[in-house]
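Peer 1: Before I ask anything, here is the structure I am working with.
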Amino acid sequence: MSPSASDLGPRFAVVGNPGNRRVALFEDAVRAAGLPAPRVVPWTYVLRDQGADFAADEVVRIDSPGENAEVDRMLRGAQDPTRVEGSARWYAGLVAAVRGLRGGVRLDDPDELAVLFDKRLCHAVLDAADVPVPASPTSGPQGAPVRGWDDVRALMREHRMPRLFVKPAHGSSASGVLAVESGGGGRIRATTSVELTADGSLYNSLKVRRYEGEQDIAAIVDALAPDGLHLERWLPKASQDGRATDLRVVVVAGRATHAVVRTSRSPLTNLHLGGRRGDLDTAREAVEAAGARWADLLGVCEQAAACFPRTLCVGVDLLPAVGWRRAAIGEVNAFGDLLPRLTGLPGSGAEGLDTYATQVAAVLRDVAQHRTGTPHA
């Protein structure tokens, strides 16, 4: 008698862009676990049909809609995927599409995804749970509105924030983010990956540039404001080899399983913007030399992830303070697990596994616990 599908294990499905590296890595992880390759439901189909149907026993992963020009056009309405504007329309389209998915066992909760992709809402949820976060006047539904540069200037004065980050509320990968510094005599400077063209259009660039003319900075902020903006106090971060340092920590099923150190000479540490991977052992040693516990810093990431209990995996941006004794949470990312070839932290239970294999293993453990009646760990 041949084994049934339920004997072999769960059936996976993934909403993603076929051929994308994220989908490919997840497919590899599922096959490596001895299971059939997941059914791939293209984002183009989901957006066109305003949803998709899944069998009751399909385990459904929602993956990033990024890195696909056609999907970007469908979500944002922009013909050029390098344009920065349009994130509010992108957000509305993504949330509607996810809520149009029917059936299946979800690894990503639609309501939590809607919060994770609104930095104002996410910040408020973290703050309410006593997760350390940078101060923000725009946090939560009752936060101060930002209609343009004049509002940013006013909030900087009112909240005594001479250095702050201005972030598109629905952005990702540092798209549209400005690190703003003000000085004596009305001087102002912004560091960003935004390229401002002569006609006022905004483009994503792999080059980090500095604007020191307030007129240019105002033009960028004014163009981004209709999509929604979030302001956060710029916290001085710890350094490694003289470079500003933070960490991306992946939390799977409540445990911090993977971490990468990101360093940069600019305030933007994203690796695609010229940031460099730092040394994790050196970071851990710096924490312990300061009299703090490495496990406590990872615990802050787990505390942040616990605010989203119905989402299997999140990527948490951890901002270690100067001196390495304390840390705050910069962001929690729904699709923050793209760390190819990185294996799990010692003692995490994910040793030897990448982020995708770790998630598959967590699902298999959950299935086994349900079958045997074993309580969740």
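The values are calculated or read from the model by the stated rules, or taken from the named source; none is laboratory data. Note that the structure is a prediction, hence the values are computed from the model and not measured. Positions of Cβ are backbone-derived with ideal geometry, glycine not excepted, and every protein chain shown enters the neighbour counts. Please note that ligands, DNA and RNA were not included when accessible areas were found on the heavy atoms of the full protein model with its side chains. Shrake-Rupley method; radii C 1.70, N 1.55, O 1.52, S 1.80 Å.
Peer 1: Does V251 satisfy the condition of being touching a Cys at 6+ places or on another chain (Cβ under 8 Å) and either within 28 Å of A88 (Cβ to Cβ) or touching a residue at least 60 places away in the same chain (Cβ under 8 Å) (or both)? Spell out the reasoning first.
Peer 2: On the way: touching a Cys at 6+ places or on another chain (Cβ under 8 Å): yes; either within 28 Å of A88 (Cβ to Cβ) or touching a residue at least 60 places away in the same chain (Cβ under 8 Å) (or both): yes.
It is true that V251 is touching a Cys at 6+ places or on another chain (Cβ under 8 Å) and either within 28 Å of A88 (Cβ to Cβ) or touching a residue at least 60 places away in the same chain (Cβ under 8 Å) (or both).
Peer 1: Right, something else. So, in the stretch 1-12, how many residues would count as being surrounded by fewer than 21 Cβ atoms within 10 Å (Cβ to Cβ) and at pLDDT 95 or above?
Peer 2: Qualifying residue count, the stretch 1-12: 1.
Peer 1: Has the stretch 4-23 got at least one residue that is farther than 27 Å from R341 by Cα and part of a loop (DSSP other than H, G, I, E, B)?
Peer 2: Going residue by residue through the stretch 4-23, those that are farther than 27 Å from R341 by Cα are 4-7.
Imposing the further condition that a residue be part of a loop (DSSP other than H, G, I, E, B) reduces the set to 4.
Checked against the condition, which is being farther than 27 Å from R341 by Cα and part of a loop (DSSP other than H, G, I, E, B), the stretch 4-23 yields at least one hit.
Peer 1: Consider T269 against the criteria (1) touching a residue at least 60 places away in the same chain (Cβ under 8 Å); (2) open to solvent by less than 20 Å² (accessible area, probe 1.4 Å); (3) in a loop (DSSP other than H, G, I, E, B): it satisfies all of them except one. Which criterion is unmet?
Peer 2: (1)
Peer 1: Taking the stretch 235-256 as the region of interest, how many residues are open to solvent by less than 30 Å² (accessible area, probe 1.4 Å) and either within 16 Å of the chain's Cα centre (by Cα) or basic (K, R) (or both)?
Peer 2: 8
Peer 1: So is V71 modelled with pLDDT of 95 or more, touching a Pro at 6+ places or on another chain (Cβ under 9 Å) and among the aliphatic types (A, V, I, L, M) or not?
Peer 2: Values: modelled with pLDDT of 95 or more: yes; touching a Pro at 6+ places or on another chain (Cβ under 9 Å): yes; among the aliphatic types (A, V, I, L, M): yes.
In short, yes.
Peer 1: Could you tell me whether any residue of the stretch 279-290 is in contact with a Lys or Arg (Cβ under 6 Å, 6 or more places away or on another chain) and open to solvent by less than 30 Å² (accessible area, probe 1.4 Å)? Can you show your working first?
Peer 2: So the first thing to find is which residues in the stretch 279-290 are in contact with a Lys or Arg (Cβ under 6 Å, 6 or more places away or on another chain), and the list is 290.
From what is left, the residues that are open to solvent by less than 30 Å² (accessible area, probe 1.4 Å) are 290.
Taking every residue of the stretch 279-290 in turn, at least one turns out to be in contact with a Lys or Arg (Cβ under 6 Å, 6 or more places away or on another chain) and open to solvent by less than 30 Å² (accessible area, probe 1.4 Å).
Peer 1: Right, next: In the stretch 306-319, what residues are open to solvent by 10 Å² or more (accessible area, probe 1.4 Å) and either in contact with a Cys (Cβ under 6 Å, 6 or more places away or on another chain) or among the small types (G, A, S) (or both)?
Peer 2: A306 - this is the single residue of the stretch 306-319 that is open to solvent by 10 Å² or more (accessible area, probe 1.4 Å) and either in contact with a Cys (Cβ under 6 Å, 6 or more places away or on another chain) or among the small types (G, A, S) (or both).
Peer 1: I would also like to ask the following. Quick check on G274: is it out of contact with any helix residue (DSSP H, G or I) (no Cβ under 9 Å at 6 or more places or on another chain), touching a residue at least 24 places away in the same chain (Cβ under 8 Å) and open to solvent by 30 Å² or more (accessible area, probe 1.4 Å)?
Peer 2: Details: out of contact with any helix residue (DSSP H, G or I) (no Cβ under 9 Å at 6 or more places or on another chain): yes; touching a residue at least 24 places away in the same chain (Cβ under 8 Å): yes; open to solvent by 30 Å² or more (accessible area, probe 1.4 Å): yes.
So G274 passes the test.
Peer 1: Under the condition of being buried (at least 17 other Cβ atoms within 10 Å of the Cβ) and in contact (Cβ under 8 Å) with a residue 24 or more places away in the chain, which residue from the stretch 89-98 is nearest to F117 (Cα to Cα)?
Peer 2: Taking the stretch 89-98 and keeping what is buried (at least 17 other Cβ atoms within 10 Å of the Cβ), we get 90-91, 93-95, 97-98.
Those still in the list that are in contact (Cβ under 8 Å) with a residue 24 or more places away in the chain too: 90-91, 93-94, 97-98.
Working: W90: 10, Y91: 7, G93: 12, L94: 9, A97: 14, V98: 12 Å.
Of everything passing the filter in the stretch 89-98, Y91 is nearest to F117 (Cα to Cα).
Peer 1: Being touching a Gly at 6+ places or on another chain (Cβ under 7 Å) and closer than 16 Å to T358 by Cβ is the filter here, so list the residues in the stretch 10-32 that pass it. Steps first, answer last, please.
Peer 2: The initial filter retains those residues of the stretch 10-32 that are touching a Gly at 6+ places or on another chain (Cβ under 7 Å), namely 13, 22-23.
Matches in the stretch 10-32: R22 only.
Peer 1: Something else about it: Within the stretch 61-165, which helices (runs of 4 or more DSSP H) (wholly inside it) include 3 or more residues that are in contact with a Gly (Cβ under 8 Å, 6 or more places away or on another chain)? Break it down stepwise before answering.
Peer 2: Working: elements: 69-76, 87-99, 110-116, 119-128, 149-158.
Those helices (runs of 4 or more DSSP H) span 69-76, 87-99, 119-128.
Peer 1: Quick check: anything in the stretch 339-356 at pLDDT 95 or above, open to solvent by 10 Å² or more (accessible area, probe 1.4 Å), under 19 Å from K237 (Cβ atoms) and outside any strand (DSSP E or B)?
Peer 2: No.
Peer 1: Examine the stretch 231-243 for a residue that is touching a residue at least 40 places away in the same chain (Cβ under 8 Å) and within 30 Å of A361 (Cα to Cα), and state whether such a residue exists. Show your work before the answer.
Peer 2: Filtering the stretch 231-243 for residues touching a residue at least 40 places away in the same chain (Cβ under 8 Å) gives 231-240.
Narrowing the set further to residues that are within 30 Å of A361 (Cα to Cα) leaves none.
Scanning the stretch 231-243, I find no residue that is touching a residue at least 40 places away in the same chain (Cβ under 8 Å) and within 30 Å of A361 (Cα to Cα), so the answer is no.
Peer 1: Still on this structure, I have one more. Considering the stretch 37-74 alone, what residues qualify as being within 17 Å of Y356 (Cβ to Cβ), open to solvent by 40 Å² or more (accessible area, probe 1.4 Å) and of a type in the set (K, R)?
Peer 2: Scanning the stretch 37-74 gives a single hit, R39.
A quick yes/no check of all residues on (1) part of a loop (DSSP other than H, G, I, E, B); (2) touching a Pro at 6+ places or on another chain (Cβ under 8 Å):
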{"residue": "I217", "(1), (2)": "no, no"}
{"residue": "L224", "(1), (2)": "no, yes"}
{"residue": "E232", "(1), (2)": "no, yes"}
{"residue": "L235", "(1), (2)": "yes, yes"}
{"residue": "T245", "(1), (2)": "no, yes"}
{"residue": "T257", "(1), (2)": "no, no"}
{"residue": "R262", "(1), (2)": "no, no"}
{"residue": "D296", "(1), (2)": "no, no"}
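Peer 1: Another question about this same structure. Residue check, V332 against (1) crowded, with 20+ Cβ neighbours inside 10 Å; (2) farther than 25 Å from A129 by Cβ, all met but one. Which one?
Peer 2: (2)
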